[in-house]
Amino acid sequence: MLDYEDIRMRMTIALAFMVLTACGQPADQTSSYELAVGMSLQDRYPTSPHESMTPGATCKNPNEYRYPEQIAYCSRSVSTGTKNRVIKTYDTTFQYTVGSMPRNSFKIDHYIPLCMGGDNDVSNLWPQHKSVYEKTDALEQKLCMLLEKAVMSQASAIEKIKYAKNHLDEVAAINQELDTKSWY
């Protein structure tokens, strides 16, 4: 007896493959397999750090102290090997496919940014897609500027950036809230 569901799935996969092959698939798009099994592009990478893997860490071995609050600062020092390990760990632990996506679509982000006293330890690193950092990088810079001006504490800045990286839909509102304050 014919298994029509199996035939239909195979035909869907074959059709998706033919369409993407004929049209030329952009490097950052969903593969035919992923289309066939219903996996979207955003299922392929994290949209926020996983707290179990990346809880965040502050600088343990500072190169200097910054801002009036004297926040411990670690210089950027993450090797290519460490970056690759972070990607591989996220991929294997959470079934992402970051390692097979274009590397220039990602950066290894410091969950607690270095300018806020973050560390280079793997507990503070995660593969951040450009669609995420395009939303959060400006907020990071703004919060670090507020630390420099001593109008916000390190604890408050870290709380805001961690919240923002876990609630991308609220980044614009956080930016707007900061812009309406009279500390500039």
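We did not get these values from a lab; they are worked out from the coordinates using the rules stated. Source: prediction; values computed, not measured. Cβ coordinates were reconstructed from backbone atoms using ideal geometry, including for glycine residues, and neighbour counts include every protein chain displayed.
Under a point spin-label approximation (7 Å from Cα along Cα-to-Cβ), what is the D137-T97 distance to one decimal in nm?
It works out to 2.6 nm between the two label points.
Between T47 and E64, with labels modelled 7 Å along Cα→Cβ, what's the label distance in nm to one decimal, could you check?
3.8
In this model, which of K60/K107; K107/K181; K60/K181; K83/K162; K107/K162; K60/K160 are farther than 28 Å apart at the alpha-carbon?
Violating the 28 Å limit, Cα to Cα: K107/K181; K60/K181.
Place a +1 charge on the Cβ of each Lys and Arg in segment 134-184 and a -1 charge on the Cβ of each Asp and Glu, then give the dipole magnitude about the Cα centre in debye, rounded to the nearest 20.
I would put it at about 160 debye.
Below 8 Å between Cα atoms, with a sequence gap of 6+, how large is the relative contact order for segment 32-171 in percent?
29
From the square roots a ≥ b ≥ c of the eigenvalues of the alpha-carbon gyration tensor of segment 46-180, which class results: rounded (a/c under 1.5), prolate (a/b over b/c), or oblate?
oblate
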